[in-house]
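One structure is given here, and the rest of the page talks about it.
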Amino acid sequence: MAELEEDCGRGFFRVDDELRLSWIKVEPHSITSPTDRNMELHNLNAHLQTLISTAFSNSAVVGEALGLLNRKIELLSGEEDSASLNLKTVPANVSGSGLAFASHEPLTHNQSLELTMLLLPVNAAVRVRASVVTCSDYRGNDWTYWIRSQFDPKQEIITEQIVQHVNLKQIHSLASRQKKR
């Protein structure tokens, strides 16, 4: 588990990761307005992803199979939105209260974002609102900026999925360390 140099107020465990991620700038407190059908599909998918994450914690094979099956259905039905089709692998540090990620574009303090992430290995596509906390230089060669963001409140189902992802990554990390001994 890696710690950030600055805590940025994140009160959860956090892990370094490489996430398939995209983000867009949004107006604060704006509401995306999908059709009723799209909203119902989005809500069903969010609930299904929670159940898949729960299944994954009981059986990695069953959870991964359900995640892959759901992903296949999304691809075959064409119900996947274009934002999740353009996800690029990005270095990140993720917790249940925020996300730090590498970017080519600088962002300003309090800039509102909508982040779309694919959480592997359960293949859970999540979309979460966040506010930029800081933007600093990135120390790697492939990226320019390191963006630290805090998730907006009242997104409990989504942030629970992210917490489950962090816990799963931590379990895998601990298991890998034990195998090396």
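The values are calculated or read from the model by the stated rules, or taken from the named source; none is laboratory data. This structure is a prediction, so every number in the text was calculated from the model and none was measured. With ideal geometry, Cβ positions are generated from the backbone for all residues, glycine too; neighbour counts draw on all protein chains shown.
Output the residue which, of all residues in the stretch 25-57 that are aliphatic (A, V, I, L, M) and surrounded by 12 or more Cβ atoms within 10 Å (Cβ to Cβ), is modelled with the highest pLDDT.
Here the residue is Val26.
Scanning the stretch 154-181 for residues that are touching a Phe, Trp or Tyr at 6+ places or on another chain (Cβ under 7 Å) and among the β-branched types (Val, Ile, Thr), which turns out surrounded by the fewest Cβ atoms within 10 Å (Cβ to Cβ)?
Residue satisfying both the conditions and the ranking: Val163.
Checking the structure you have, find out if any residue of the stretch 133-153 is closer than 26 Å to Gln49 by Cβ, surrounded by fewer than 17 Cβ atoms within 10 Å (Cβ to Cβ) and without any contact (Cβ under 8 Å) to a residue 12 or more places away in the chain.
Yes, because at least one residue in the stretch 133-153 is closer than 26 Å to Gln49 by Cβ, surrounded by fewer than 17 Cβ atoms within 10 Å (Cβ to Cβ) and without any contact (Cβ under 8 Å) to a residue 12 or more places away in the chain.
Can you tell me which residues in the stretch 103-134 are out of contact with any helix residue (DSSP H, G or I) (no Cβ under 9 Å at 6 or more places or on another chain) and either within 24 Å of Ile171 (Cβ to Cβ) or polar (S, T, N, Q) (or both)?
Within the stretch 103-134, Ser103, Thr108, Asn110, Gln111, Ser112, Leu115, Ser131, Thr134 meet the criteria.
Residue check, Ile73 against (1) in a loop (DSSP other than H, G, I, E, B); (2) at pLDDT below 85; (3) more than 13 Å from the chain's Cα centre (by Cα); (4) not acidic (Asp, Glu), all met but one. Which one?
(1)
Go over the candidates Glu105, Glu79 one by one and state the one that is over 13 Å from the mean Cα position of the chain (by Cα), under 17 Å from Gln49 (Cβ atoms) and either modelled with pLDDT of 90 or more or outside any strand (DSSP E or B) (or both).
Result of the check over Glu105, Glu79: Glu79.
Go through the stretch 154-167 and report how many residues are assigned to a helix (DSSP H, G or I) and either small (Gly, Ala, Ser) or free of Cβ contacts under 8 Å to residues at least 60 places away in the same chain (or both).
Total satisfying the criteria: 1.
Residues to consider are Asn110, Asn93; find the one that is at pLDDT 90 or above, in contact with a strand residue (DSSP E or B) (Cβ under 9 Å, 6 or more places away or on another chain), polar (S, T, N, Q) and part of a strand (DSSP E or B).
Asn93
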